[in-house]
C-alpha cells in the first residue's frame, strides 16, 4: 500500500505552527522534514526559518493553512462554549440531586463568582449589541 505524503507538514503550537517541507526523494528513501518557516496565527506573521527564501508556492500553502486553522479554532471555541452550557446543566443537576454539604461548601463561592462574572460580561455585551443595532 502506497500513501502519498503531503508536501508540507505543520507542527501545531499554541499560537501557530512550525512549517516543514516533506522530502522523500533521497537515496535512503526515508522521510526528511526540513523546517522552512514559523507561523504566528494571532498576528499573521510568517517568518522564514534561517536563511531561507520562501517561494510563492510556500507562502500560498502557508496562508491556506492559516485560514483553515483559524476557521477550525473558531469552530472549536464555539463548540467549547456549547460544552460549557451542557456542563453547567449537569452541574445544576449534580447540585440538586447528588452533592453533599461538604462538596457544596467547597465549590459554591467560586462557582457563584464565576457565574456572576460571566453574567455581567454577557449582559454588557448584549447591551452593547442592542445599542449598536439601534444606531445602525
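List of remarks:
- Some residue of segment 49-64 being in contact with a strand residue (DSSP E or B) (Cβ under 9 Å, 6 or more places away or on another chain) and exposed (fewer than 10 other Cβ atoms within 10 Å of the Cβ): yes
- Every listed requirement among (1) surrounded by fewer than 13 Cβ atoms within 10 Å (Cβ to Cβ); (2) at pLDDT 95 or above; (3) more than 27 Å from residue 122 (Cβ to Cβ) is met by residue 24 save one, (2).
- Taking segment 91-115 as the range and being within 30 Å of residue 14 (Cα to Cα) and exposed (fewer than 10 other Cβ atoms within 10 Å of the Cβ) as the test, only 110 passes.
The values are calculated or read from the model by the stated rules, or taken from the named source; none is laboratory data. Only a predicted model underlies this, so the values are computations on that prediction, with no experimental measurement involved. When we count neighbours, we look across all protein chains shown, and the Cβ atoms used for this are built from the backbone with ideal geometry, even at glycine.
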